[in-house]
Number of protein chains: 2
Amino acid sequence: MPVGSAHDPRGQEGAAGVLEEWLYKGAGGRDARGLQDAFDDLGVRRSGGVGPEATRFGASGLTADLGAALALVADVVARPALPTHELPVLLDLARQDLEGLEDSPPDLLAAEARALGFPRVPGDDRAGYAHPASGTPEGLEALGAAGLRAHLERYGQAGSVLGLVADLEPQAAHDLAARTFAGWRVGEDRPVPALFRRGGRLHLPHPGGEQTHLSLSAPGVSPRSADWLPWQLALSALSGGGSSRLFVAVREERGLAYAVSASPLVLGGEGFLSAYAGSTPGRAPETLAVMLAELERLPGGLGAEEFRRAHTGLSTGVVFGAQSLRGRAHALTRDLALFGQVRSVRGLRAQIDALTLEEVNAFLARYRPALEATVVTLGPGDTFALPPAAQPQAAQGVGA
Amino acid sequence: MPVGSAHDPRGQEGAAGVLEEWLYKGAGGRDARGLQDAFDDLGVRRSGGVGPEATRFGASGLTADLGAALALVADVVARPALPTHELPVLLDLARQDLEGLEDSPPDLLAAEARALGFPRVPGDDRAGYAHPASGTPEGLEALGAAGLRAHLERYGQAGSVLGLVADLEPQAAHDLAARTFAGWRVGEDRPVPALFRRGGRLHLPHPGGEQTHLSLSAPGVSPRSADWLPWQLALSALSGGGSSRLFVAVREERGLAYAVSASPLVLGGEGFLSAYAGSTPGRAPETLAVMLAELERLPGGLGAEEFRRAHTGLSTGVVFGAQSLRGRAHALTRDLALFGQVRSVRGLRAQIDALTLEEVNAFLARYRPALEATVVTLGPGDTFALPPAAQPQAAQGVGA
């Protein structure tokens, strides 16, 4: 469903997270215990959760139980009981979850990097990407039954995607879904724009921590752009396998960090590059310098051997990703939401096979993520000697 | 391969971890870069790592590349280059990994709980279960090329298990594996006994932490015992789904902890119950009391409804676990190592289907994990009011 933590009403940060838990506190005429029992009676394994742009409800079970399991999911999203007396415990658990973030430096860093890189959209009544799914202490404080019930009105058929992997004829699957979700409200499909703050710099002191954690965000490519696959291939060369550029430069050649990676992040229909490394406080500055240097040399393009390996990695990755049925169901949903269509394994591999070195290097010649990167560090020291942003005019008003 | 961190020579804690990384620094006549390139040329995705009892090497790739991928894995384990000049960087990364443990309270707690619950076996020349796979600062300090090369002599065919999932006739698979690993040394298959310390109590102060993390270990059932499946079913009732006892008592009814779980742990051929919760410092004592109370009431047995749900959960879980080919390869290897045979999905489901409530309750009437539980807590306070162990004579010599 296309309502995530970014859609939380301003001042009610945490609404989507608490609402997702509340939905399971009884539905379709069952109380909380009865609903849990009904899922467990079918042996259905639930998954999902609240992301920045969407809330996902996943269920895995045996084919014989498909109709009953789907009906339970429909009860949860369309006919929840939302009992007021359950709210205090849920708010309390949400506060605990939020406090737990403080004990996990990489997660805390990711939340702070999101907040610096994707500030609230001026004039928008939604809180946007600047807070984690578990909310903020003030937001949780402000949440109440009436506000949450009103927020739920945004959840409905509009923009929702159902991915179903089962031994079933397509028409029968369609009829089952249509019947099960009939009458569900329309809801809202109103994406939150992701306005990236270029050249941001921030250090978060983490007294008592042993490591320094680095986060780097930069513009990337939209999933609907023709450059999407060339960008994916470049990311595979940058951070795909043991011979990828970041791994070799940071870890293999210099031993600067135990973990280093770069991956695509899609927010508001746009793609962004998100890189991470965990290092020692003493080596963190060099780690960051090497990461930025690797981004800076991307416009020089890939070599033929390097292209071939990244190409193989990307192509086989498509096959691995389609292996698990649960993964496939998730991919169907994600494909429709991000690409507007389902990408078949065969079709996607054919597209990747057709990519040429020239095409990828022509894209890279135009791709300058280092210039616009926003960097957030978290570590034991009070300060971190962050390199200045290449475009100082873009960094105004950004934390030190 | 049946050599894990527990087999690290005493005083060389971290040997298996560093050795695993070193093996990838060139093999079969290739240097480090050449080996990485060879894996990436095939698009092979590596997995695995060092566990307490075994080191796992996993590779996923396309069927057409099976022979070449298997040959690479054989080169790594049987014909590594082990270049001395690569060691300093590897030892340095291992130290970083170990320091990173300090920044992750749940992982730190798990390591300390292992150390308290499974002390070194007197007279054994192996370090045992009392240290994490990344070693100890002193152990890493003592590691050198000669000692690691000598340690590698323990790795070989004895006790090693190859799990292979591919579109291939069994005889052809057998011949391929025999040919590829021909001439590999015999090695050692010498399990490290897991001597559980009952009734241990320890609190680890974690200044600046927001949460208190609780770990509880207790005796369980050996994988080769007839009680294994009744125990698994009881664990499913205790911590399997939304209606499981721990989840309901700790989280749903009292809101004491965001996360609470119990799962089986197999060490030295024996099974143990391992439970975890993360709570606030103020609620941690009640959380622990509720967890212990749930263990104490296990001998009273399951109700009929509860049995049916746990039964369904266990049975469908077997189906889910067999979905991914990578997961299936891992399961084959684990089955042979722990159960001495491969358990087919169909056979295992039939065994589960045959379980009766009477059988499970007869087992539970004899099962008293609360009496012998060892508890470790980690949180911001200097002390934690740990309940006394039920068998004080077993707790002697154990930290406060």
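Along region A:66-81, what does the Karplus equation 6.51 cos²θ - 1.76 cosθ + 1.60 (θ = phi - 60°) give for ³J(HN,Hα), rounded to whole Hz, x for Gly and Pro?
4, x, 5, 5, 5, 5, 5, 4, 4, 4, 4, 7, 10, 9, x, 7
Under a 10 Å cutoff between Cα atoms, tell me which one of B:ALA15, B:ALA172, B:ALA322 has the largest fluctuation in the Gaussian network model of chain B.
Result for chain B, Cα springs under 10 Å: B:ALA172 fluctuates most.
Treating each Cα of region B:195-397 as an identical point scatterer and ignoring solvent, apply the Debye formula and state log10 I(q)/I(0) at q = 0.10, 0.11, 0.13 Å⁻¹.
-0.46, -0.55, -0.76
Between region A:99-157 and region B:1-72, how many Å separate their Cα centres?
First find each Cα centre; the distance between them is then 42 Å.
Using +1 at the C-beta of Lys and Arg and -1 at the C-beta of Asp and Glu, which of A:LEU216, A:SER244, A:ILE352 has the Cα lying farthest in the positive direction of the dipole of region A:195-397?
The residue sitting most towards the positive pole is A:ILE352.
Can you give the mean number of other chain Cβ atoms that lie within 10 Å of the Cβ atoms in peptide A:99-111?
Whole-number average of other-chain Cβ neighbours for A:99-111 is 4.
Taking chain B as a Gaussian network, Cα atoms linked when under 10 Å apart, which of B:ASP75, B:ASP189, B:ASP37 shows the biggest mean-square fluctuation?
With Cα springs under 10 Å in chain B, the top fluctuation among B:ASP75, B:ASP189, B:ASP37 is at B:ASP37.
Quick one: net charge of A:GLY163's neighbours, Cβ under 13 Å, K/R +1, D/E -1?
+4
Across every pair of different alpha-carbon atoms, what Kirkwood hydrodynamic radius in Å does region B:129-253 reach?
20.6 Å
Along Cα-to-Cβ, 7 Å out, sits the label point; list in nm, shortest first, how far the one on A:PRO193 is from those in the other copies.
In nanometres, ordered from closest: 7.1.
Report the FRET efficiency, 1/(1 + (r/R0)^6), for B:ARG308 and A:PHE339, where r is their Cβ-Cβ distance and R0 is 41 Å, rounded to 0.05.
After rounding to 0.05, the efficiency reads 0.45.
Can you list the distances in nanometres, one decimal and ascending, from the A:GLU305 label point to the identical position in each other copy, with the point 7 Å along Cα to Cβ?
6.7
Keeping every protein chain present and rolling a 1.4 Å probe, give me the accessible area per residue for the protein assembly as shown in Å².
Value for the protein assembly as shown: 41 Å² per residue.
Over chain B, what is the mean sequence separation of C-alpha contacts under 8 Å (at least six apart), divided by residue count, expressed as relative contact order in percent?
Relative contact order comes out at 20 percent.
Taking only DSSP H segments of four or more residues, each worth -39500 (n - 2.57), what value at 222 nm results for chain B once the sum is divided by all its residues, to the nearest 500 deg cm²/dmol?
Theoretical 222 nm ellipticity from helices: -12500 deg cm²/dmol.
Around B:GLY313, with a cut-off of 9 angstrom between Cβ atoms, what is the net charge of the other residues, counting Lys and Arg +1 and Asp and Glu -1?
Overall, the nearby charge balance is +1.
If you build the Cα gyration tensor of region B:5-180 and take the root of 5 times each eigenvalue, what three semi-axes come out, in whole angstrom, biggest first?
Over the Cα atoms of region B:5-180, the semi-axes work out to 30, 18, 16 Å.
Of all DSSP beta bridges located in chain A, what percent are antiparallel, nearest 5?
Percent antiparallel among DSSP bridges in chain A is about 85.
Considering only C-alpha atoms, what is the centroid distance from region A:316-363 to region A:196-220, in Å?
Value for the Cα centre distance between the two parts: 31 Å.
R0 = 25 Å: FRET efficiency of A:THR84 with A:ARG328, Cβ-based, nearest 0.05?
So the FRET efficiency works out to roughly 0.05.
By the scheme Lys and Arg +1, Asp and Glu -1, what is the net charge of all other residues having a beta-carbon under 9 Å from that of A:PRO83?
-1
With the label 7 angstrom out along Cα to Cβ, how close does B:GLY123 come to the same site in each of the other copies, in nm, nearest first?
Its label point is 8.2 nm from the equivalent points in the other copies.
In chain A, what percent of the accessible surface is made up of carbon and sulfur (1.4 Å probe, ligands and nucleic acids excluded)?
53 percent
Taking each pair of distinct Cα atoms in chain B once, what is the resulting Kirkwood hydrodynamic radius in Å?
22.9 Å
Would you mind getting me the FRET efficiency between B:ALA365 and B:ALA289? Use the beta-carbon distance for r and R0 = 25 Å, nearest 0.05.
With R0 = 25 Å, the Cβ-Cβ based efficiency is 0.60.
Could you list, bin by bin from short to long, the percent of Cα-Cα pairs of the protein assembly as shown in 20 Å steps?
14, 47, 36, 2
The values are calculated or read from the model by the stated rules, or taken from the named source; none is laboratory data. Computed from a predicted model, the values in this text were never measured in an experiment. Neighbour counts are summed over all protein chains in view; Cβ atoms, including those assigned to glycine, are modelled from backbone coordinates with ideal geometry. To get the accessible areas, we keep the full protein, side chains included, count just its heavy atoms, and leave off ligands, DNA and RNA. Shrake-Rupley method; radii C 1.70, N 1.55, O 1.52, S 1.80 Å.
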